[in-house]
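Heads up, the thing below is written out as structure tokens.
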Amino acid sequence: MVLEVLRYVVFAVAAVSTAIAVGSWAVRTRRLDPFSRSARLVRRIGDPVLDPIETWLLKKGGSPNNAGWWLVGFAVGGGLVVITVADWLAGIFFVAGRAAAQGPAGILQLVVYYGSNVVILALFVRVFASWFGRDRFTPWMRPFFVLTDWIVQPLRRVVPPIGMIDITPIVAWFLILVIRNFLLRVIG
């Protein structure tokens with residue numbers, strides 16, 4: 001119910017943003033007489049919303065003429081992120097409620113499952129960041145290395161690289177999945 005209302009709110013925000021962008025474009029390109037009553041209404045409604053975006057675009061070296069379309073992009077992209085996060089949180093609460101109903105074993109299974117997912121996510125971030133020259137000495141990367149060093153470092157001593165490609169993270173990902181499945185079977 002709440003997610004459905006949220007979807008309608010996001011759709012409404014996207015529709016209003018699109019209307020503001022189209023109105024701004026119509027006034028700017030003189031498809032709508034800039035001195036007419038309707039153009040003044042469009043500017044009175046749209047300018048307070050578009051002015052901060054225009055200022056931001058000017059600081060970034062962009063064209064303020066595109067502020068309306070940036071507004072639509074922010075509304076649609078931000079709306080998708082909000083819906084996705086809300087849906088994800090609802091799923092987590094649903095699963096946590098079911099696990100709590102199963103007692104301590106269910107809660108332990110949940111901790112193992114989500115804990116392994118956090119380590120796998122840290123492993124992916126570690127790999128992708130290494131492609132862009134970020135290593136363990138980059139301050140924001142330290143937590144990801146702390147979460148994954150316990151499995152990656154011992155494997156590096158055993159698994160040789162294939163040419164220039166370090167396959168240790170792939171082997172670590174596979175081992176994490178095997179360990180998780182084993183622990184979930186033992187607990188359940």
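Observations
- Lone unmet requirement of (1) under 30 Å from residue 177 (Cβ atoms); (2) surrounded by 11 or more Cβ atoms within 10 Å (Cβ to Cβ); (3) without any contact (Cβ under 8 Å) to a residue 60 or more places away in the chain; (4) under 23 Å from the mean Cα position of the chain (by Cα) for residue 106: (4)
- Yes/no for residue 75 being farther than 30 Å from residue 111 by Cα and in a helix (DSSP H, G or I): yes
- Condition met for residue 14 (crowded, with 17+ Cβ neighbours inside 10 Å and within 30 Å of residue 87 (Cβ to Cβ)): yes
- Breaking point among (1) open to solvent by 60 Å² or more (accessible area, probe 1.4 Å); (2) closer than 27 Å to residue 16 by Cα; (3) not aliphatic (A, V, I, L, M), for residue 143: (2)
- Scanning region 82-99 for residues that are surrounded by 11 or more Cβ atoms within 10 Å (Cβ to Cβ) and either under 18 Å from the mean Cα position of the chain (by Cα) or of a type in the set (Ser, Thr, Tyr) (or both) turns up 82, 83, 86, 87, 89, 90, 92.
- Residue in region 122-130 that is under 14 Å from residue 172 (Cβ atoms), of a type in the set (Phe, Trp, Tyr), touching a helix residue (DSSP H, G or I) at 6+ places or on another chain (Cβ under 9 Å) and surrounded by 15 or more Cβ atoms within 10 Å (Cβ to Cβ) present: no
- Pair list, Cβ under 8 Å, 6 or more apart: region 78-94 residue closer than 13 Å to residue 4 by Cα, other residue among the acidic types (Asp, Glu): none
- Consider region 29-52 and keep the residues that are in a loop (DSSP other than H, G, I, E, B) and open to solvent by 70 Å² or more (accessible area, probe 1.4 Å). The one that is farthest from residue 66 (Cα to Cα) is 35.
The values are calculated or read from the model by the stated rules, or taken from the named source; none is laboratory data. What you are looking at is a predicted structure, and each value in this text was computed from that prediction instead of being measured. Quick reminder, even Gly has a Cβ in these numbers, built from the backbone with ideal geometry, and neighbours come from all protein chains shown. With ligands, DNA and RNA removed, areas are computed over all heavy atoms of the protein, side chains included. Shrake-Rupley method; radii C 1.70, N 1.55, O 1.52, S 1.80 Å.
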